[in-house]
Amino acid sequence: MQTITSKELAKNNDESILILDIRNFNAFKDWHIKGSKNIDVYNDIWEGNFEKVKKELSKLPKEKTIVTVCNAGVTSQNASMLLESMGFKTIVLEKGMLGWNSLHESAAVINENDLLLKQIIRVGKGCLSYLIGSKSAKECFIVDPSQFIEEYADLANQFGFKIKGVIETHVHADHFSGAKLLAEITKASYYVSSEDLKAKIDFTDLKNANEIKIGENIIKIIQTPGHTNGSVCLLVNDKALLTGDTLFLEGVGRPDLGRTQEEIEKGAKLLFNSLNQIKDFDKNIIILPAHFTNYDKFPIYDKLNNILNNNKSLQISSEQEFVNYILNNLPIAPPNYQQIKNMNLNLVQVPRQMGEQLEFGPNRCASG
């Protein structure tokens, strides 16, 4: 049976391919590959209702090659066998949505003078990480890496960069951080705010830091509590602002995950002040968040001016009105967020397979 990896599928522009997601409708609605079609036959396949499955799948166009998708790439094999018995040509997505969840791509945001700023896009999860590199020093910083640390080591090697430091803009609740492990393996410095760390280890505290230099480039540390107590933004050469989960292109960070009601309201007030600080920056700076929901092309960014004009929560001038708006527009929490956040706070390293299972699903980090 022919298979395709997530990386191969992401690069495939063949219009004769149709991506068929066979999972339950609610699972598909919650999270799916952009452009895929859903026919919910998952339970029927498991229950052996094959004639019913064939009837549903017969609606598909015979001229298309069908890429079957399920949660982990197992049930989709059964769907492909049934489709091929009906005369369809099929391909199975390896590891299904679990594989899609681990897909990383990269794109250059700024490549001029001494600076190379690359965005690493975790396509299926909606997470964004960054490489900030100095061409002259042949060194780089990695910002907000996922647990798939080999992606970042390989990217740095591609440009001949030594990883000098690994920075976390905040403690994550939707996915496992690879920052500490990447720093250990590459013998790099680990940067995080002490407000977002419980583990007793050696690290460089961002809480009172002003800037970090790399080659001819300056990374200014902007304290922006709200999403978490230790959230920071990184202003690179006064041109690009890495906003973590403080500000997104289509919303702002949520202040609720893992907090009491009193802490949530306090976090929302802190977030209001942090966003007002960002509003005062040059309106032409590029905003580079740690998550995204929609995308048309890579890299994913926008100018601050455009975000100010299109982001409703940023147009609220009253603190209390902002707090009320945010608290009334919180989405459901990401899967297993309490367990993930607690492990990240304590720098607990989990086996890759366990981490992949716990992270499975959308990020849901934005509010407003």
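Throughout, read-outs are computed from the coordinates displayed, never taken from laboratory work. Since we're looking at a predicted model, the values are computed, not measured. We place every Cβ from the backbone using ideal geometry, glycine too, and count neighbours over all the protein chains shown.
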Full-extension gain between N276 and T3, please, as 0.36 nm times their residue separation minus the C-alpha to C-alpha distance. 93.3 nm
Cα→Cβ-extended label distance, 7 Å offset, between D14 and E84, nm: 1.5 nm
Which cross-chain or sequence-distant (5 or more) residues have an amide H under 5 Å from the amide H of I110, H modelled 1.01 Å from N in plane? L117
Spelling out what I want: for every residue of the stretch 20-28, take phi, set θ = phi - 60°, compute 6.51 cos²θ - 1.76 cosθ + 1.60 (Karplus), and round to whole Hz; glycine and proline get x. 10, 9, 9, 6, 4, 4, 5, 5, 5
Amide H proximity to E139 below 5 Å, modelled H, separation 5+ or other chain, gives S134, K162
Fluctuation leader among N13, N24, N342 - the chain, Gaussian network, Cα springs under 10 angstrom: N13
May I ask you to compute the full-extension gain from N342 to N284, defined as 0.36 nm times their residue separation minus their alpha-carbon distance, rounded to one decimal in nm? 17.2 nm
Note on the stretch 120-243: alpha-carbon gyration tensor, axes a ≥ b ≥ c; rule is a/c under 1.5 for rounded, else prolate if a/b larger than b/c, else oblate; result rounded
Tell me, what is the FRET efficiency for N309 and A199 to the nearest 0.05, using R0 = 51 angstrom and their Cβ-Cβ distance as r? 0.80
Spacing of the two label points (7 Å from each Cα toward its C-beta) at K59 and K207, in nm: 5.7 nm
Dividing the alpha-carbon radius of gyration of the chain by 2.2 N^0.38 Å (N being the number of residues), what value is obtained? 1.04
Under 15 Å from a label point 7 Å along Cα→Cβ of N111: give me every residue in the stretch 279-302 with its amide N that close. 298-300
Lysines with Cα under 21 Å of K11, excluding same-chain neighbours fewer than 8 positions away: K34, K37, K64, K89, K95, K118, K125, K297
Placing one identical point scatterer on every Cα of the stretch 111-159 and ignoring solvent, what is log10 I(q)/I(0) from the Debye formula at q = 0.12, 0.19, 0.24 Å⁻¹? -0.25, -0.59, -0.87
Convex hull volume per residue in cubic angstrom - Cα atoms of the stretch 258-368: 140 Å³
Explain nothing, just the number: dipole magnitude of the chain about its Cα centre with +1 on each Lys and Arg Cβ and -1 on each Asp and Glu Cβ, in debye rounded to the nearest 20. 320 debye
Fluctuation leader among L304, L234, L83 - the chain, Gaussian network, Cα springs under 10 angstrom: L83
So, relative contact order of the chain in percent, Cα under 8 Å, 6 or more apart, is 13 percent
Computed lengthening from N328 to A72, 0.36 nm per intervening residue step minus Cα-Cα distance: 88.7 nm
Per-residue ellipticity at 222 nm for the chain, helices alone: DSSP H runs ≥ 4 residues times -39500 (n - 2.57), over residue total, nearest 500 deg cm²/dmol? -8500 deg cm²/dmol
Karplus-derived HN-Hα couplings along the stretch 161-173 (A = 6.51, B = -1.76, C = 1.60, θ = phi - 60°), whole Hz, x at Gly and Pro: 8, 8, 6, 7, x, 10, 10, 10, 6, 5, 7, 8, 10
FRET efficiency for S136 and E184 from the Cβ-Cβ distance with R0 = 30 Å, rounded to 0.05, comes out at 0.65
If you line up the Cα atoms of the stretch 51-143 on their principal axes, what length do they span on each, largest first, in Å? 63, 24, 17
